[in-house]
1. Search region 8-65 for residues being among the hydrophobic types (A, V, I, L, M, F, W, C) and loosely packed, with under 12 Cβ neighbours inside 10 Å, and hand back the single one that is nearest to L80 (Cα to Cα).
2. Are there any pairs with C-beta distances below 6 angstrom linking a residue in region 79-100 that is in contact (Cβ under 8 Å) with a residue 12 or more places away in the chain and part of a strand (DSSP E or B) to a residue that is loosely packed, with under 10 Cβ neighbours inside 10 Å and of a type in the set (D, E, K, R), with the two at least 6 apart or on different chains, and if so which?
3. Only one of R10, R28 is under 16 Å from F105 (Cα atoms) and among the charged types (D, E, K, R); which?
4. Scan (1) without any contact (Cβ under 8 Å) to a residue 60 or more places away in the chain; (2) part of a loop (DSSP other than H, G, I, E, B) for the single condition N53 breaks and write down its number.
5. Any idea which of (1) assigned to a helix (DSSP H, G or I); (2) modelled with pLDDT of 75 or more; (3) out of contact with any Pro (no Cβ under 8 Å at 6 or more places or on another chain) is the one A75 doesn't satisfy?
6. For region 30-72: of the residues being among the charged types (D, E, K, R) and touching a Gly at 6+ places or on another chain (Cβ under 9 Å), which is modelled with the highest pLDDT?
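The values are calculated or read from the model by the stated rules, or taken from the named source; none is laboratory data. Nothing here was measured: the structure is a model prediction, and the numbers come from that model. No Cβ is skipped: glycine too gets one built from the backbone with ideal geometry, and neighbour counts run over all protein chains shown.
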Amino acid sequence: MINQVTLLGRLTKDPEASKTSGGTSAVRFTLAVDKRNSKALKEQGKQSTNFINCKAYGTTADIISRYFAKGSEIALTGYLDTWEQTTPNGAKRYGMDVIINDLSFTYGTKTAQNASNVATEPIYETVDFPIDDESLPF
C-alpha cells in the first residue's frame with residue numbers, strides 16, 4: 001500500500017517552530033493549495049482552495065523555519081498521518097496532517113538575512129545541509 005502526498009502551495013502564516021520532548025526540531029504550518037476546479041467554476045471566475053495541515057521534524061523542520069514564511073511557496077512530498085483525541089468533555093476529535101519527507105524551494109522563499117519578509121524575487125543561495133553517515137540510505 002502507498003501513502004504518499006505531493007503538494008505545491010503557499011504557507012498561510014509563519015511556521016510554528018518547537019522541539020519534541022526528545023529535543024528534535026519540529027515545525028507545523030498550514031498550506032493553501034488550489035483545487036482543480038470544474039470547467040463551470042473556472043468560467044465563472046471562481047476558485048476554491050484546500051487548507052492542509054503540515055508537520056516536519058529534524059533537519060527538514062530547521063530548513064522550513066529558516067527559509068519559509070507566510071506567503072512562501074513550497075513544493076513538498078510526505079505522507080498522511082491521522083490522529084484522534086478526546087476533549088475534556090469526552091467528545092472525540094479526528095484530524096489528518098501531512099508529515100513532510102522532502103521539500104523543494106520554489107519562487108518566493110524568504111532570505112536568511114531578513115526572516116520577517118517574504119522575498120519577491122527568486123533567491124539563488126547555496127545552502128549546506130548537514131549529512132552524516134547515518135542519514136545516507138546506503
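1. Step one: filter region 8-65 for residues among the hydrophobic types (A, V, I, L, M, F, W, C), giving 8, 11, 17, 26-27, 29, 31-33, 40-41, 51-52, 54, 56, 61, 63-64.
So of that shortlist, the ones also loosely packed, with under 12 Cβ neighbours inside 10 Å come out as 40, 51.
Details: A40: 30, F51: 14 Å.
If we take residues in region 8-65 being among the hydrophobic types (A, V, I, L, M, F, W, C) and loosely packed, with under 12 Cβ neighbours inside 10 Å, then F51 is nearest to L80 (Cα to Cα).
2. Matching pairs, first to second residue: Y94/E84.
3. Every option except R10 fails the conditions.
4. (2) is the only condition that N53 fails.
5. (1)
6. The initial filter retains those residues of region 30-72 that are among the charged types (D, E, K, R), namely 34-36, 39, 42-43, 46, 55, 62, 66, 70.
Next, from what is left, pick out any that are touching a Gly at 6+ places or on another chain (Cβ under 9 Å): 34, 55.
Details: D34: 86, K55: 96.
Residue satisfying both the conditions and the ranking: K55.
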